[in-house]
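Take a look at the structure below.
Where a number appears in this text, it was derived from the coordinates with a stated rule and is not lab data. It should be emphasised that the depicted structure is a prediction, and the values quoted were computed from it without experimental measurement. Positions of Cβ are generated from backbone atoms using ideal geometry, with glycine treated the same way; all protein chains shown enter the neighbour counts.
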Amino acid sequence: MSKEFTDKHVLMVRDLNVRFYTYAGVVHAVSDVSFDVYRNEIVALVGETGSGKTMSTRAITRLIEAPGRIESGLVLFRRRNGSVVNLMKLSDEEIRRIRGDEIAYIFQDPSSALDPLYTIGHHIVETILDHKRVIKRIARETAIKVLKETAIPNPEIRVKSYPHELSGGMRQRSVISMSLVNSPILLIADEPTTNLDVTIQAQILDLLKDLVKKSNMSVILVTHNLGVVAETADRVYVMYAGNIVESAEIQELFEKPLHPYTQMLLRSVPNPLKKIEKLESIPGTVPTLINPPPGCRFHPRCPFAMEICRREKPPLIEAEKNHYVACWLYAKR
Amino acid sequence: MKLIETRDLRVYFRVRGSLTKKVRALDGVNISIENEETFGVVGESGSGKTTLGKTVLGLIKPTKGSVYFEGKDIWRMNKREYREFRRNAQMVFQDPHTSLNPRMTIAEILSEPLRELRIDVGDIGKFLVDQLESVGLGKEFLYRYPHELSGGQKQRVAILRAIMTKPKFIVLDEPTSSLDVSVQAQILELLKDLQRKHRLTYMFISHDISVVKYMSNRIAVMYLGEVIEIADSEELFEKPLHPYTKILISSIPIPDPAVARSKVRLKPIGEPPSPINPPPGCRFHPRCPFAMEICRREKPPLIEAEKNHYVACWLYMNK
């Protein structure tokens, strides 16, 4: 991982820590997470429930609410005007101006991202007017244009529709239109297709890929679905229990996974094109992050666990070119 | 031998606030499930998969048509036969967080079906511990409440509750959809083990076609309340016949980037229609890239286009 914020960088996150102070104890949701996003690429953050993938992306624009707190971290972002800012140091007002404009989100559940009392058009127009000084009529025209781009049929009629009048797929596409309307530099898509049917999922993923190809945008795709990752991402970060355990380019990761967790995860997904005798399952469950296991957080479930894994946390090292792994099997002791 | 058979099964739901509008959740479904097989049912939301599962278990009374269990119409059984059917046919639901009563301990949850159906197992305590161990849970779980269990553990309890009465047939409705992949694999393997051990017959319902393929011997594809294709699971993937099945299979994300990026994806036209006023003729025709004149007028029957491979599509009718 480079130490410098290069020309290719859109976002650079270093040593991000997010904790939640609950009655049960302190939850170490995100621990020392570092990752990069370059221009015009789709980066996937993949992991299971509670791996910290959503919290890592929310922390980028400081969308962490009490009892959560961003403890530390550096988040450098290249703005539209070319200047580089540390998002952690901006004022609330400054970051609010970036959010929804230069960095946009698509959240998992399209139904709860839309207000049932307002039309789709109203949502989109509001997003435009929040960040740009244009008259309403122009904003409305832009709304229709962006709905058309996300393959919504009859956009002139749909701008007047309320969320309940649309199907799940159309609702999610409206949410995507909303986040795209200000042409963000970075789009954070958090499980954008999780509750959708496969044919609609395929449509949405094609749309995302198309947008990255056509416009000057990068995407962070948060998902637990390895099939979706294989179809869309250029690079992947694998998260486990609040840590990044491996990162590589897409082909490399699927062909040559290094971390035992990644290896087992890949073998636990049924590939419908292959004849599988037995699926591999990872024994045990994801640990609670109130008292995460010492050393490597995967060691209680790892078939290769050694003495050192129980004591010391493995550093993320470059085991092969552009292929990073945090595992004592590969690190020099 | 056939364990379950349905004949022209129809379930219509009234639409609230209307005297005439109906949702045709199932519209003339004919399936048969063989002993000890896993019969997969796939389809998108609103296709009627769950309604089919509930109707073959007698949890929904069909508007028309019949369900046969071991050759007997379940709605014409006498009391004794019906109780025997209830014991023999069980269900596991999608979300273990809501299908287990939060105010009951695991021991209470597991012994409830035994008490309801008056099944004597001798020493109940010992029986429950043996059963828990058979699904990989220890005796310490007996007096825990559902909220103390993880998602995977809860689903193990829900599966165990379904097999407490030694059933022959279990409907598994999206049993792993709310679980993480690593846990999903554990549960799928457990289901396979239990099937071998207790010689169970499964109806496996899911929108995740990869999982259904891994679990099932045969698969039925549903679209808007109708079964449009039935085939052996390998055959269905290698040689799907119905245009909708082809689209469905080409839309599955494949966890292999080399394949995922090179495959040709077929796309349906437009949006899924509402099940309240389904299109006339073949219900898929407005979205079908191969629609012909006849598709708009007449509904295609489910025919055996190839050996053990059934399809309802006019493209295959001349053969």
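Points to keep in mind about this one:
- Only one of B:S178, B:S274 that is without any contact (Cβ under 8 Å) to a residue 12 or more places away in the chain, more than 8 Å from chain A (Cβ to nearest Cβ) and in a loop (DSSP other than H, G, I, E, B): B:S274
- Only one of the numbered conditions (1) closer than 21 Å to B:S45 by Cα; (2) surrounded by fewer than 23 Cβ atoms within 10 Å (Cβ to Cβ) is violated by A:R235, and that is (1).
- Take the conditions (1) crowded, with 22+ Cβ neighbours inside 10 Å; (2) farther than 27 Å from A:T194 by Cβ; A:R297 misses just one of them, which is (2).
- Of the residues in region A:158-166, none is acidic (D, E) and more than 14 Å from chain B (Cβ to nearest Cβ).
- Residue within region A:234-242 that is in contact with a Leu (Cβ under 9 Å, 6 or more places away or on another chain) and at positive phi present: yes
- Some residue of region B:202-225 being assigned to a helix (DSSP H, G or I) and more than 11 Å from chain A (Cβ to nearest Cβ): no
- Within region A:248-301, the set of residues being over 30 Å from B:L149 (Cβ atoms) and not in a loop (DSSP other than H, G, I, E, B) comprises A:A248, A:E249, A:I250, A:Q251, A:E252, A:L253, A:F254, A:E255.
- Residue, surrounded by the fewest Cβ atoms within 10 Å (Cβ to Cβ), within region B:250-266, restricted to residues that are in contact with a helix residue (DSSP H, G or I) (Cβ under 6 Å, 6 or more places away or on another chain) and among the β-branched types (V, I, T): B:I254
- Residue in region A:231-245 that is in a loop (DSSP other than H, G, I, E, B) and over 30 Å from A:C309 (Cβ atoms) present: yes
- Residue within region B:22-42 that is under 19 Å from the mean Cα position of the chain (by Cα), within 14 Å of chain A (Cβ to nearest Cβ), among the small types (G, A, S) and closer than 26 Å to B:Y244 by Cα present: yes
- Between A:Y118, A:Y105, the distinction of being aromatic (F, W, Y) and over 21 Å from the mean Cα position of the chain (by Cα) belongs to A:Y118 only.
- Only one of A:R297, A:R301 that is under 20 Å from A:M55 (Cβ atoms) and touching a Phe, Trp or Tyr at 6+ places or on another chain (Cβ under 9 Å): A:R297
- Residues in region A:182-230 that are of a type outside the set (D, E) and in a strand (DSSP E or B): A:L186, A:L187, A:I188, A:A189, A:S218, A:V219, A:I220, A:L221, A:V222, A:T223.
- Residue that is nearest to A:Q263 (Cα to Cα), among those in region A:305-324 that are touching a helix residue (DSSP H, G or I) at 6+ places or on another chain (Cβ under 8 Å) and in a strand (DSSP E or B): A:H323
- For region B:277-294, the set of residues classified as closer than 26 Å to B:D232 by Cβ and more than 14 Å from chain A (Cβ to nearest Cβ) consists of B:C282, B:R283, B:F290, listed by residue number.
- Residue count, region B:296-315 (criterion: farther than 10 Å from B:C282 by Cβ and of a type in the set (G, A, S)): 1
- Residue among A:N225, A:N216 that is out of contact with any strand residue (DSSP E or B) (no Cβ under 7 Å at 6 or more places or on another chain) and under 21 Å from A:A104 (Cβ atoms): A:N216
- Flag if B:I163 is under 28 Å from B:E271 (Cβ atoms), more than 14 Å from chain A (Cβ to nearest Cβ) and either surrounded by fewer than 23 Cβ atoms within 10 Å (Cβ to Cβ) or in contact (Cβ under 8 Å) with a residue 12 or more places away in the chain (or both): no
- Filtering region A:181-202 to residues that are surrounded by fewer than 22 Cβ atoms within 10 Å (Cβ to Cβ) and at the interface with another protein chain (Cβ under 8 Å from one of its Cβ atoms) leaves A:D197, A:T199.
- In region B:237-257, the residues that are more than 7 Å from chain A (Cβ to nearest Cβ) and without any contact (Cβ under 8 Å) to a residue 24 or more places away in the chain: B:E238, B:P240, B:K246, B:S250
- Residue ranges of strands (runs of 3 or more DSSP E) in region A:3-101 with at least 2 members closer than 28 Å to A:F298 by Cα: A:9-22, A:25-38, A:42-46, A:68-78
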